[in-house]
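Only the coordinates and a few stated rules stand behind these numbers; no lab work does. Computed from a predicted model, the values in this text were never measured in an experiment. In this analysis, Cβ positions are derived from the backbone assuming ideal geometry, glycine residues included, and neighbour counts consider all displayed protein chains.
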């Protein structure tokens, strides 16, 4: 519940608005394939996930692996 209430920014509101818009439009037009994608957007907005569908992944960036090795030339 804490994740749902924290961190509401522009991207999260945009996902919520687009998910609701496409969801209502898909139901009215009986386009159930579009409804699936609306559900994905709504899930992302409610769970505050980004591209990775994992909690806390709010960006699509890939972090480099952390190593303690020193490079020798």
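Among 73, 33, the ranking by other beta carbons within 10 Å of each residue's beta carbon, starting with the fewest, stands as 73, 33.
Could you work out how much longer the chain between residue 20 and residue 72 gets when fully extended? Use 0.36 nm per residue separation minus the Cα distance between them, nm to one decimal.
Numbers: separation 52, 0.36 × 52 = 18.72 nm, distance 5.47 nm.
This chain segment gains 13.2 nm when fully extended.
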